[in-house]
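Remarks on the structure that follows.
The values are calculated or read from the model by the stated rules, or taken from the named source; none is laboratory data. Remember, predicted model here, so these are calculated numbers, not experimental data. Every residue, glycine among them, receives a Cβ derived from its backbone with ideal geometry; neighbour counts consider all protein chains shown.
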Amino acid sequence: EALLRGKDKPDDKLWIGPARNLYNLLVKPIVNSGLLKKGNNLIISPHNSLYLLPFNALITGDENSFLLFDYNISYVSSSQSIDKNRILKLNSYLGVAPATKDLSYSQDEIINIPESLFKVKKQLLNSSATKNNFLQLAPNYDVIHIASHININTESPLYSSIQFTDQPLKIYEIFKTNIKVKLLILSACESGKAMGMVNDIPTGIDLVNFSRAFREAGVKSVIATKWLVEDLSAYRIVNNFFKIMELNKNSLPVENILTLAQREYLVNAKKLGNKTHPFFWAPFFLIK
């Protein structure tokens, strides 16, 4: 909740104390033991309330010393999900962005993908961004990128849905699909929000969210968001992500690329006087 205040109060600093305390409690003991060094990959298997915590926004020192700058951070559902071969060969891309009145940059995310990045590229925009088109085409691509609205149903999490032009795609439907793609980017509000079937905060086995549903459907890695995202900030981070991917074609793990994209957002925001509060950049995370 302290981070969510940043939406309306981007200069708010009430989050800094809790972020520093959580670093001291959860990460610093591992650093002090010598098991975790700067530049390492920090892989987190969360449980209970840790599902809600953006580790990249934890503070290691002063208010600008984010954990993001020390490690490449990713999440796994269990230790069995850790993949030693983390570099994905990504040659084909499907971008989906239905028409939405209040998402000014969602289609720009799809349109501005670097031309030379993928050998095969297809876009589903406006009227073509239908649920049926998506379900038919999705299994044929290495990367799927959806920029849209998500409707969260906390009372019945399985009925939470992604907005398409014709009709929504619900979580329970995703569990029934077979979408064996390498990377899915869900650029939408709360696309990785952790919901429990019994309580608001999941304990583990009762976890329900879009990233779990798509991974159960066969997706190898998912980039999602932990809370509401600002449209322009999301566009900038996703744009950074694909530019960095182009510069390091098939040579960097996805978690490294996402980390660099978020770092670049922060560096540029400081230079240009844009919003640097974690609310605007920290919701994006990778789970495998």
Exception for Val229 within (1) of a type outside the set (S, T, N, Q); (2) in a helix (DSSP H, G or I); (3) modelled with pLDDT under 95; (4) in contact with a helix residue (DSSP H, G or I) (Cβ under 9 Å, 6 or more places away or on another chain) falls at (2)
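For Leu117, state whether it is assigned by TED's automatic domain parsing to the domain that holds Arg236 and of a type outside the set (S, T, N, Q).
yes
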* To do: Check the range 76-84 and report whether any residue there is closer than 25 Å to Ser187 by Cβ, within 21 Å of the chain's Cα centre (by Cα), in a strand (DSSP E or B) and not assigned by TED's automatic domain parsing to the domain that holds Thr225.
  => no
Subset of the range 20-41, residues modelled with pLDDT under 95 and touching a strand residue (DSSP E or B) at 6+ places or on another chain (Cβ under 6 Å), comes to Asn41
Selection status of Phe242, of a type outside the set (A, V, I, L, M), under 13 Å from the mean Cα position of the chain (by Cα) and either within 21 Å of Ser106 (Cα to Cα) or surrounded by fewer than 20 Cβ atoms within 10 Å (Cβ to Cβ) (or both): no
Inside the range 239-288, the number of residues satisfying the requirement of being touching a strand residue (DSSP E or B) at 6+ places or on another chain (Cβ under 6 Å), in a helix (DSSP H, G or I) and of a type in the set (Val, Ile, Thr) is 2
Note: among Gln107, Gln123, just one is modelled with pLDDT of 90 or more, touching a Gly at 6+ places or on another chain (Cβ under 7 Å) and closer than 25 Å to Ile150 by Cα, namely Gln123
Report task. Inspect the range 137-155 for any residue being more than 21 Å from the chain's Cα centre (by Cα) and under 23 Å from Asn178 (Cα atoms) and give the result as yes or no. Result -> yes
Checked the range 245-270 for anything more than 21 Å from Val229 (Cα to Cα) and aliphatic (A, V, I, L, M); matches are Met245, Leu247, Leu252
Residue hits (the range 237-270; touching a helix residue (DSSP H, G or I) at 6+ places or on another chain (Cβ under 9 Å) and aliphatic (A, V, I, L, M)) are Ile237, Val238, Ile244, Met245, Leu252, Val254, Ile257, Leu258, Leu260, Ala261, Leu266, Ala269
### Task
For the range 68-84, state whether one or more residues are charged (D, E, K, R) and surrounded by 16 or more Cβ atoms within 10 Å (Cβ to Cβ).
yes
Those residues of the range 229-270 which are β-branched (Val, Ile, Thr) and in contact with a Pro (Cβ under 9 Å, 6 or more places away or on another chain) amount to Val229
